[in-house]
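Chemist: Here you go, one structure.
Quick note: the coordinates plus some simple rules give every number you see, no bench work behind them. Here the structure is a predicted model, which is why all the values come from computation and not from measurement. Every residue, glycine as well, gets a Cβ built from its backbone with ideal geometry; the counts of neighbours run over all protein chains shown.
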Amino acid sequence: MLHYLGYFAAIFIGLSLGIMGGGGSILTVPVLVYLMGVSPVLSTAYSLFVVGSTSVVGAWGYFRKGLVSLKTAVVFLIPSLAAVFLVRKVLMPAIPHELFTMGSIVFTKDLLVLVAFAVLMVGAAVSMIRSKQAEVVLDEELHQKSTFNYPLILGIGLVVGLLTGFVGAGGGFLIIPALVLGARLPMKLAVGTSLAIIALNSLIGFSGDLSAGTPIAWPFITGFLAFALGGIVLGTYLARFIPGAKLKPAFGWFTLAMGTFILTKELLFHHA
């Protein structure tokens, strides 16, 4: 029964990516862990594949409309791709299975990933809940900026690469403000460029897993991806009629609840 819910959730992940240009990928790891029974560390690898592949479809739609800034994407991806590949190939395999014990909680590699992911979910949720205020501030900042802020773009690129590599999420809630403030991109252009960055980041990170010898259940993950792709195609169509900005706060509250649930479950009810 949970597996059926997991495939339905995959459609929802793609749907939200298509309508809002981001956000849905933050649910991929929790869906894989809690509904599909995949281990947290392996889920981050699978998430990179699913998020990267669905983002390719979304980015292509924006690219065809001229809504991807290639210059900005290249500058952002220089540190980001290096960081995400090294984290997946070198850092993740090097982290020991058991880290330390705190009271009745054994901090394992899997638990560390889930806690880090839940914290990221809370951050993304706050960003989505405040999206309307944030976009007003970004628009005001946009008019004040006169130069392409290379240090900001490179710095955020490095941070996003590290985060994407460690937790398997796209990091769109960090990328879009950086593109608007640092590269002075209009919001629609920032969303399209963000999807292109997320696609390349995620797939390069996944290639790090492949080169590190991570076992991949291809029939399962391609089946899951098929449902997500169906969702993003439907979401891209519905985006013509449904303004993504109106859905972001509600989706943000849902994401906040999910992040809080993971933190509570793993830290309060996780025993040795």
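Chemist: For segment 164-272, what ratio Rg/Rh do Cα atoms give with a Kirkwood hydrodynamic radius?
Modeler: Values: Rg = 17.1 Å, Rh = 16.9 Å.
Rounded to two decimals, Rg/Rh equals 1.01.
Chemist: Next question, about the same structure. Once phi is turned into ³J(HN,Hα) by the Karplus curve 6.51 cos²θ - 1.76 cosθ + 1.60 with θ = phi - 60°, what whole-Hz value does each residue of segment 67-76 show in order, with x for glycine and proline?
Modeler: Working through the residues one at a time gives 10, 10, 8, 5, 4, 5, 4, 5, 4, 5 Hz.
Chemist: Also: Would you mind putting 25-31, 60-66 in packing order, based on average other-beta-carbon counts within 10 Å, highest first? Intermediate results must be reported in sequence, preceding the final value.
Modeler: Working: 25-31: 25.9, 60-66: 14.0.
Result, highest mean Cβ count within 10 Å first: 25-31, 60-66.
Chemist: For the charge dipole of the chain, defined by +1 on Lys and Arg C-beta atoms and -1 on Asp and Glu C-beta atoms about the Cα centroid, which residue among TYR4, PHE63, VAL160 has the Cα displaced farthest towards the positive pole?
Modeler: PHE63
Chemist: Can you list the HN-Hα couplings for segment 43-59, worked out from phi with the Karplus curve (6.51, -1.76, 1.60; θ = phi - 60°), rounded to whole Hz and with x for Gly and Pro?
Modeler: 4, 5, 5, 4, 4, 4, 5, 5, 5, x, 5, 5, 5, 4, 4, x, 5
Chemist: One-quarter of the Cα convex hull surface for segment 70-128, in nm²? Numbers along the way, then the final one.
Modeler: Numbers: hull surface 23.7 nm².
Average of the hull's projected areas for segment 70-128 equals 5.9 nm².
Chemist: In Å, what is the Rg of the alpha-carbon atoms in the chain, and how long is Dmax?
Modeler: My reading of the Cα-based Rg and Dmax gives 17.8, 55 Å.
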